Amino acid sequence: EAGVTQSPTHLIKTRGQQATLRCSPISGHTSVYWYQQALGLGLQFLLWYDEGEERNRGNFPPRFSGRQFPNYSSELNVNALELEDSALYLCASSPLTAIRSEAFFGQGTRLTVV
Amino acid sequence: KQEVTQIPAALSVPEGENLVLNCSFTDSAIYNLQWFRQDPGKGLTSLLLIQSSQREQTSGRLNASLDKSSGRSTLYIAASQPGDSATYLCAVGSNDYKLSFGAGTTVTVRA
């Protein structure tokens, strides 16, 4: 069974541009989480989607947004990129909310803003 | 707000020694606790999940305990191998509806 897949693996953007990151959850999982891991920092919670709805949001500005599609895949959009947005972005999926079931992570998208 | 702390931040041991990694959390009203492994520049691999009603979980050489009342979990790795070198993260699921992560313990197992 395929795990959580993220695309692209690497993304290089210029400051001020927009980035779109994609995540396909494990089949049957309805919850998708996004985390940011900047160099030297821990994992910071970004967004939680479940059944197509945004259920929770971390302490990030509105230029970080996303959505979940009817097939439960998800997209994270970062507008007006800043240099400090450079980080590893990780997506996780779980069959229920991750606070009640095991969460599985993808390999991440490395975003570099120059 | 749930705060998760992992001590030590780094650990270096000779091959064969047992590893003890600690995780503490401030709010004992948790739903679950999960241990992950992360290799440099890679995603997270789930190691063990402990539900709040459980005291421990075991998988092969790994054993994790949970003491909810004192806000602590310990991950034991028996007979360490160089392939165990990685960063180990604990994450707590609580009623703020997200997994809160510690900063991790970076383990080096010397051959």
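Can you sort B:THR105, A:THR5, B:THR87 from fewest to most other Cβ atoms within 10 Å of each residue's own Cβ? Spell out each step's value before the answer.
On the way: B:THR105 22, A:THR5 15, B:THR87 19.
Ordered from fewest to most neighbouring Cβ atoms within 10 Å, B:THR105, A:THR5, B:THR87 come out as A:THR5, B:THR87, B:THR105.
Remark on region A:25-83: Rg and Dmax equal 12.1, 36 Å (Cα only).
Phi angles of region B:43-58 translate, via the Karplus equation with coefficients 6.51, -1.76, 1.60 and θ = phi - 60°, into HN-Hα couplings of x, 9, 10, 6, 9, 8, 10, 10, 6, 4, 7, 9, 9, 7, 9, 10 Hz per residue; Gly and Pro are given as x. The distance between label points at B:GLU17 and A:SER27 comes to 4.5 nm (points 7 Å beyond Cα on the Cα→Cβ vector).
How crowded by other chains is B:96-103, given as the mean number of beta carbons from other chains within 10 Å of each beta carbon? Provide the component values of the computation, followed by the final result.
Values: counts 3, 8, 13, 11, 4, 6, 2, 4.
Per residue, the average neighbour count from other chains is 6.
Restricting the calculation to Cα atoms, every distinct pair contributes to the Kirkwood radius of the protein assembly as shown, found to be 17.9 Å. Ranked from largest, the principal axis spans of the Cα set of region A:15-114 equal 37, 27, 22 Å.
Which GluC sites (Glu not before Pro) in region A:28-101 sit in a loop by DSSP (not H, G, I, E or B) and have at most 15 other Cβ atoms within 10 Å of their own Cβ? Mind dumping the intermediate values first?
Details: sites: A:GLU51, A:GLU53, A:GLU54, A:GLU75, A:GLU82, A:GLU84; in loops: A:GLU51, A:GLU82.
When the GluC sites (Glu not before Pro) of region A:28-101 are filtered for loop state and at most 15 Cβ neighbours within 10 Å, A:GLU51, A:GLU82 remain.
Shape annotation for region B:1-97: C-alpha extents along the principal axes are 38, 28, 20 Å, from largest to smallest.
Per-residue shielding of A:39-49, expressed as the average number of other chain Cβ atoms within 10 Å of the residue Cβ, stands at 3. Where the alpha-carbon atoms of region A:71-114 are placed on the principal axes, they occupy 38, 18, 16 Å, in descending order.
No value in this document is a laboratory result; all are computed from the given coordinates. Owing to the predicted nature of the structure, the values given are computational and were not obtained by experimental measurement. Quick reminder, even Gly has a Cβ in these numbers, built from the backbone with ideal geometry, and neighbours come from all protein chains shown.
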